[in-house]
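Worksheet for the structure shown next.
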Amino acid sequence: MTLSTREQEVLDRIERARKRRPKLREERITLAHGAGGKATHTLIEAVFVDAFANNSQEDAAAFTVDGARLALTTDSYVVSPLFFPGGDIGDLAVNGTVNDLAVSGARPLYLTAGFILEEGFPVADLVRIVASMKEAAEVAGVSIVTGDTKVVQRGKADGCYINTAGVGVITYPHPLGAHTARPGDAVLVSGPIGDHGVTVMLARGELDIEA
């Protein structure tokens, strides 16, 4: 499609901003660095990009092995509370990983699951979380094929953290990602935007409303 002068100016400005090396002004990590916004982006650009090869900063890395186009993603889940209306950290971990592969044009196939558990965490809660993961994986058509479990001292974690990795086969013929987005593109939304975020904030008591 033909871009207007204004649209091209905006794209050029974005491209110039991307080329500038960001500076991390803080001397210590803050919660904002893990929130997924500007602080997170600055941390990634200033610390990780130069250190790690092929850091595309997309939801999943795309690569080719023996002619097969694959996508690989990883994510960590530290949501609090662990159980909230409509789900829990278990199905969130599976669905979030599957989503990162799907939006990269890949068909999700296999997942890993690493658990960091706090000493004293109720076994019944862990069983409930694992059951949610199993159900979510079956619905998504993926298999959780390997994992790891670590236990830290009481007070060293918020009950349960989950780290996942996912791999899938890229079947979409054109590359997908933020770097290919252009004005006029269609955006496909799989559900109401903001439901999860608001649900978690309500469960934490961060919003003075009831729903």
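Looking at segment 150-182 only, could you name the residues that are farther than 15 Å from V103 by Cβ, touching a strand residue (DSSP E or B) at 6+ places or on another chain (Cβ under 7 Å) and open to solvent by 80 Å² or more (accessible area, probe 1.4 Å)?
K150, V151, R154, K156
Looking at A46, A62 in this structure, which one is touching a Pro at 6+ places or on another chain (Cβ under 8 Å), modelled with pLDDT of 80 or more, of a type in the set (G, A, S) and surrounded by 14 or more Cβ atoms within 10 Å (Cβ to Cβ)?
The conditions single out A62.
With respect to G147, is the statement that it is touching a strand residue (DSSP E or B) at 6+ places or on another chain (Cβ under 8 Å) and either in a strand (DSSP E or B) or surrounded by 14 or more Cβ atoms within 10 Å (Cβ to Cβ) (or both) true?
So G147 passes the test.
If you check Y110, Y77, which single one turns out to be surrounded by fewer than 16 Cβ atoms within 10 Å (Cβ to Cβ) and of a type outside the set (A, V, I, L, M, F, W, C)?
The conditions single out Y110.
Is it the case, given these coordinates, that V142 is hydrophobic (A, V, I, L, M, F, W, C) and open to solvent by 30 Å² or more (accessible area, probe 1.4 Å)?
Spelling it out, it is not the case that V142 is hydrophobic (A, V, I, L, M, F, W, C) and open to solvent by 30 Å² or more (accessible area, probe 1.4 Å).
The values are calculated or read from the model by the stated rules, or taken from the named source; none is laboratory data. None of the values given here were measured: they were computed from a predicted structure. Reconstructed Cβ throughout: ideal geometry from the backbone, glycine too, with neighbour counts over all protein chains shown. Ligands, DNA and RNA are stripped out before the accessible areas are found, and what is left, the full protein with its side chains, is counted by its heavy atoms. Shrake-Rupley method; radii C 1.70, N 1.55, O 1.52, S 1.80 Å.
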